[in-house]
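Notes follow once the structure below has been shown.
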Amino acid sequence: MNTTEQVSQQQKSSKFSIKNIFVPDYENYEGVRRINIYVMRLFFALMFVFVATDSWKFILTHEGAWDPIKAVAWCTWAAYSTLALLGVFHTLRMLPIMLFMIFYKGLWLIVVAHPLWSAGTLKGSPAEEMAYMFIGIIIPILFMPWKYVFKKYIILEKKKK
């Protein structure tokens with residue numbers, strides 16, 4: 001391939017196109033498709049905007065003694081959602097935050113919402129609204145780059161020297 005063809009090829013790959021968001025991007029995202037990166041960034045931003053805002057507001061305006069269990073929950077939400085801001089800019093590095101979200105919401109849906117739903121008592125219960133919000137984890141589950149997660153966090157591939 002001559003220099004002109006190389007430049008032309010680089011220009012084609014650097015241009016935004018719908019087709020490019022569905023192919024693995026080895027140059028910028030270690031083989032993860034751009035669509036995965038964009039959806040994950042959106043969820044990191046949503047985590048930051050909604051969860052961090054609510055949790056920090058609650059923490060900063062709380063008066064009186066804290067119930068230690070509730071304080072742990074609010075502080076956990078504040079910490080993880082604030083760290084989600086890093087995920088907007090360093091998406092692949094912050095995937096453990098996304099995995100944490102998928103795990104705790106999925107676990108809650110299994111141990112709290114499912115038994116209520118199975119018994120026909122979810123509708124009208126205090127858990128109903130949260131169950132509807134938590135069911136949205138389906139989207140991050142679908143767009144999580146699972147191959148990358150297994151390679152980087154579970155199999156722990158060896159670094160090249």
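Computed from the coordinates by the stated procedures, all read-outs in this text should not be read as laboratory data. Remember, predicted model here, so these are calculated numbers, not experimental data. Methodologically, a virtual Cβ is constructed for each residue, glycine included, from the backbone with ideal geometry; neighbour enumeration extends over all protein chains shown.
The table below lists the values:
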| read-out | value |
| --- | --- |
| Length-normalised contact order of the chain in % [C-alpha pairs under 8 Å, at least 6 apart] | 22 |
| Sparsely packed GluC sites (Glu not before Pro) within the range 45-135, loop by DSSP, other Cβ within 10 Å at most 12 | Glu63 |
| Count of Lys pairs (Cα-Cα under 15 Å; at least 8 positions apart or interchain) in the chain | 4 |
| log₁₀ of I(q)/I(0) at q = 0.09 Å⁻¹ - the chain, Debye sum with one point per alpha carbon | -0.43 |
| Distance (nanometres) between label positions extended 7 Å along Cα→Cβ at Val23 and Met133 | 4.1 |
| Built amide H within the under 5 Å cut-off of Val32, gap 5+ | Asp25 |
